[in-house]
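Working notes, structure below.
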Amino acid sequence: MKEFLFSYYSILIISVEALAAVTALLCYKKYKHTVAKFFIYFLIYVFICETIALYTYQVEDGVFSVLKGTLFARNYWWINLTWGVGSTLFYCFFYYKLINASKVKVFIKIILGVFLLFCLSVIALNVNRLFTGLVPSIMVFSELIILFLVSVYFFEMLQSDRILNFYKSIYFYISATMFIWLIIITPIVFYNMYYTKKDMDFVLLQRLISSSANIFMYLTFTFALLWCKPENR
């Protein structure tokens, strides 16, 4: 298991992301008139970003060897921007479309503005931090925002007739999956400082947890796209 995770971790994750992205493309016609089409765009975006992030495997002796010894030799900057910031932008937009409460919609705009200003401030105060590891403050703030959005969606669902057919709703599966994923992944961010070659036991544990969470998430998304029926909102 240890050797497998170290050797095939990236391939394993990119494979389930590819499965979700391909399924999303195949199901696009089914959801093209619903809010779910934006989630399809997002899955494709994630797959493309994760594929680009693999450039680090070509830095040592490959086509990107020119980056060796530079700040761009590691892909932390890319992950911080495309996932830490990019995913937050998407989920704010996505749930803005799903949530009905006008006051919450206004709050989403405010919290997104605060988040973007916060990210700019954090990066401006310590640019090097963007390149040397995941920025915990940005990641945690991002995940708390998404957790809030998911919670509001569930609250609205519980107060409506939609709860009667929740098991048919792709938005329920997306939200439930994200909620579980966030509960698992968010605590790991606080211990990311130990993700070094000096503590390989933690590296193995982190990869085991994150890979399990990601496989669960993308396989559930794949299932939801195939199982659910389009919902007009």
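Karplus-based coupling profile of region 74-84, in residue order and whole Hz: 9, 9, 4, 4, 5, 5, 4, 7, 6, 9, x, with θ = phi - 60° in 6.51 cos²θ - 1.76 cosθ + 1.60 and x standing for Gly or Pro. When Cα Rg over 2.2 N^0.38 Å is computed from the coordinates, the matching label among (i) 1.48; (ii) 0.94; (iii) 1.06 is (iii).
Roughly how many debye, to the nearest 20, is the charge dipole of the chain about its Cα centre, given +1 on each Lys and Arg Cβ, -1 on each Asp and Glu Cβ, and no other charges? Before the final figure, lay out each step's value.
Values: 19 positive and 11 negative charges, 143 e Å.
Taking the Cα centre of the chain as origin, the dipole is about 680 debye.
Annotation: amide H of residue 228 has no partner in the under-5 Å range at sequence separation 5 or more or interchain, hydrogens built in the peptide plane. The phi-based Karplus calculation (6.51 cos²θ - 1.76 cosθ + 1.60; θ = phi - 60°) puts the 3J(HN,Hα) values of region 67-73 at 7, 4, x, 9, 5, 8, 5 Hz, whole numbers, x for Gly and Pro.
So, counting K/R as plus one and D/E as minus one, what does the shell of residues with Cβ under 15 Å around residue 81 add up to? Please list the in-between numbers first.
Numbers: positive: 74, 129; negative: 50.
Result for the local shell: +1.
Across region 129-141, rounded Karplus estimates of 3J(HN,Hα) from the backbone phi angles (6.51 cos²θ - 1.76 cosθ + 1.60, θ = phi - 60°) give 4, 5, 9, 9, x, 5, 7, x, 4, 5, 5, 5, 4 Hz, Gly and Pro being marked x. Each part gets one Cα centre, and for region 44-60 versus region 127-186 those centres are 24 Å apart. Residues whose amide H falls under 5 Å from that of residue 169, counting only those 5 or more places apart or on a different chain, are absent, with hydrogens built in the peptide plane.
Run the helix sum for the chain: -39,500 (n - 2.57) per DSSP H stretch of 4+ residues, divided by residue count, reported at 222 nm to the nearest 500 deg cm²/dmol.
Values: 10 runs with 165 residues, N = 233.
Value at 222 nm, helices only, nearest 500: -23500 deg cm²/dmol.
No lab work stands behind these numbers, since they all come straight from the coordinates. Note that this is a predicted model, so its numbers are computed, not measured. In this analysis, Cβ positions are derived from the backbone assuming ideal geometry, glycine residues included, and neighbour counts consider all displayed protein chains.
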